[in-house]
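These notes are about the structure you will find just below.
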Amino acid sequence: MSAAADLKPADGPVLRAQPEVGILRLTLNRPKAYNSLSTGMMAALQAELDAAKADRSVKAVIIAANGPGFCAGHDLKEVRANPGRQNYEALFRQCSMLMQSIVALPQPVIAQVHGVASAAGCQLVASCDLAVAADTARFATPGVNIGLFCSTPMVALSRNVSRKHAMEMLLTGDLLPAARAAEIGLVNRVVPESALSETALALAGQIAAKSPLTVKIGKEAFYRQLDMPLAQAYDYASRVMTENMLARDAEEGIDAFIEKRDPKWEGR
């Protein structure tokens, strides 16, 4: 399957963007292919995230999916139809850039997961800042079963769960139930599938009500300090807090707390 053919599937656009008040919902829409990440799908996601980055009206992003499952990983039919080192390098470079864009996005990104999230689909969940899963959802990095170790999904997975849990998923390829995924830290909340969309939207709405500047500062600082030595992390975080304290929203938030009223955020 070529990327060009993928842009006009029978089910409509490969990605549906639905703006709501302060929230952008992006829905993967290749249901017959279990929302596998074709090059066209990844390009569409990248374009929406790039646009959201500069859109002050977007305070949080939800990535959901249409059809029986969240995402089955890369489109293996497309991969086999376009063999060769250069094509493989371009594919994994595109995917890696997409995952890093989610982490670098100023707004928090929430994965809304139902069905199966496997391989690069599990990577997508792990790359999001938060994840809400249906109690029937399952997660896996099964590349080892087909002779292709999930090396790029490993990057995001190993930054969410402990080494031994990550290695067990990577080496066995077993499907992990949602409850177990929550236990090891891959997802935040597990709810009945009937409440999945409502729960994700409520979580996004709760975040969207905060100061967008504060959330942006905090998200960037969280990821930057992770790989720093302890003393360096505290030095960096202290500088971030100082700059944050000088922001208008911090002044407003503290004054509102003291005066027992709701703050009025200005995003500056």
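The values are calculated or read from the model by the stated rules, or taken from the named source; none is laboratory data. Predicted, not measured: the structure shown is a model, and the values here were computed from it. Please note: Cβ atoms are built from the backbone with ideal geometry, for glycine as well, and neighbour counts cover all protein chains shown. For accessibility, only protein heavy atoms count, side chains too; no ligands or nucleic acids. Shrake-Rupley method; radii C 1.70, N 1.55, O 1.52, S 1.80 Å.
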**Request:** Output the residue which, of all residues in the range 179-196 that are touching a residue at least 60 places away in the same chain (Cβ under 8 Å) and of a type outside the set (D, E), is farthest from A131 (Cα to Cα).
**Result:** L196
**Message:** I want to confirm something. Restricting to the range 169-187 and keeping residues that are of a type outside the set (G, A, S) and either farther than 11 Å from F139 by Cα or assigned to a helix (DSSP H, G or I) (or both), which single residue is most open to solvent (accessible area, probe 1.4 Å)?
**Reply:** E183
**Request:** Read through the list (1) under 30 Å from S57 (Cα atoms); (2) outside any helix (DSSP H, G or I); (3) open to solvent by less than 40 Å² (accessible area, probe 1.4 Å), then give the number of the only condition that R159 fails.
**Result:** (3)
**Request:** Check off (1) at positive phi; (2) in contact with a Ser or Thr (Cβ under 8 Å, 6 or more places away or on another chain); (3) of a type outside the set (G, A, S) for Y34 and give me the number that stays unchecked.
**Result:** (2)
**Message:** Looking only at the range 138-153, count every residue that is open to solvent by 60 Å² or more (accessible area, probe 1.4 Å) and touching a Leu at 6+ places or on another chain (Cβ under 6 Å) and tell me the total.
**Reply:** 1
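Kindly evaluate A119 against the criterion of being touching a Leu at 6+ places or on another chain (Cβ under 8 Å), at pLDDT 95 or above and among the hydrophobic types (A, V, I, L, M, F, W, C). Spell out the reasoning first.
Working: touching a Leu at 6+ places or on another chain (Cβ under 8 Å): no; at pLDDT 95 or above: yes; among the hydrophobic types (A, V, I, L, M, F, W, C): yes.
No: the conditions fail for A119.
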**Request:** Could you identify the single residue in A166, A195 that is at pLDDT 95 or above and either closer than 25 Å to N66 by Cβ or part of a loop (DSSP other than H, G, I, E, B) (or both)?
**Result:** A195
**Asked** Out of all the residues in the range 68-78, is one or more open to solvent by 30 Å² or more (accessible area, probe 1.4 Å), without any contact (Cβ under 8 Å) to a residue 24 or more places away in the chain and among the charged types (D, E, K, R)?
**Response** no
